[in-house]
Amino acid sequence: MVQLENDSEVKITLFQSAFAGGAAGAVTRALAQPLDVLKIRFQLQVEPITDKQGSKYSSILQALGSIIREEGVATLWSGHIPAQLLSISYGILQFATFEKLTDMCQSADRQFYTNHKHWINFCNGSIAATVATVASFPFDTVRTRLIAEQKTNKVYNGFLNALSVMIKTEGPVVLFKGLIPTLGQIAPHAGIQFAVYKLFTEHILIHVEKFQRDSHQNAPKSSIWANLIAGSFAGFTAKTVIYPFDVMKKRLQIQGFQQHRKSFGKQMYCNGLLHCIKLIIAEEGYLALYKGYSPSVLKAVFVSALHFSIYDEIKYFLLKINY
């Protein structure tokens, strides 16, 4: 993310990169949570996302109006506490791990790193995301349950109650339901994000004068506008490639919870990843693997742009202090 001018420059510390990653995650989560709620509600709907009879949600605007009218505006921030814990912990681990791996690669063989930078960014991003996902996954499962429940017929009384009830009634393993398809999507997703983002900031937009930052020796070269554009492209590309895995993950995370969602329409019962894929395609068609894509890709573009940009701006500020 931060392009250093030469090897003698001040480098950001592991603690600073972790702080920047956590702060970026917290801000983007607070702003993007409503899109996440819409995406998950769409992903869990078995009926087509159309205005046909029997479909509860048919479009972004219709779903937004329906949720606010039936369950209140606060529902758009359902599961926000575990979502924040997810984003903060994920951001800390992802960016700190990525920076550490990048620093190790540069120190081991600078020439090799320079010659294979794009593939190394992809691999380091994949590894960093895998580490962050495994550590933060229980927060993801809990927030999915909180978003999935209907607020007029609540099952859980907040984050801690949901966590306690889920472990007590379904066992600790419930917190990791859907982990396999998540890891299947998150490694390439993050790898693509980091590779595309750095490709744009360090090799494409950096050659456009208005996207260059007027800065001292230690500052990032790309401006905040360049970072926002690069982050948007990174989010769109990555989300489009891996989206079906996200749908399957959400379907697996609500297994055992279907009886509390009957007012949302037909429920799907599956046993594992392969069974889930088979049922989705057989009952809903191949396009069902992209249910909720519209709010999801909007969120991906928005979140990725903000996440990378805020992270780099915080790093820029910290480097100025250190210089």
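Read the figures in this text as sums done on the coordinates, not as results from a lab. Note that the structure is predicted; figures quoted are calculated from it, not measured.
Ignoring lysines fewer than eight residues from LYS210 along the same chain, the ones with Cα atoms less than 17 angstrom from its Cα are LYS221. Principal-axis analysis of the Cα atoms of the chain puts helix 60-71 at an angle of about 60° to the longest axis. When the Cα centres of region 170-217 and region 225-280 are compared, how far apart do they sit, in Å? Going from one Cα centre to the other spans 19 Å. Amide H to amide H, with H built 1.01 Å from N, GLN212 comes under 5 Å of SER223, counting only residues 5 or more places away or on other chains. Using bins of 10 Å that start at zero, the share of Cα-Cα pairs per bin across the chain amounts to 6, 26, 33, 20, 11, 4, 0, in whole %. Tell me the angle of helix 117-148 to the major Cα principal axis of the chain, expressed in degrees between 0 and 90 and rounded to the nearest ten. So the helix axis and the longest Cα principal axis differ by about 30 degrees.
Computed on the Cα atoms alone, the convex hull of region 110-157 gives a volume of 83 cubic angstrom per residue. For region 71-129, taking the reciprocal of the average inverse distance between every pair of different Cα atoms yields a Kirkwood hydrodynamic radius of 13.4 Å.
The P(r) of region 168-323 has a tail past 19 Å containing 63 percent of all C-alpha pairs. How far is helix 273-284 tilted off the main Cα axis of the chain, in degrees rounded to 10, range 0 to 90? With both axes taken from Cα atoms, the answer is about 60 degrees.
Can you check what the Kirkwood hydrodynamic radius comes to for region 105-224, Cα pairs only, in Å to one decimal? Working shown, then result.
Working: mean 1/r = 0.0565 Å⁻¹.
Answer for region 105-224: a Kirkwood hydrodynamic radius of 17.7 Å.
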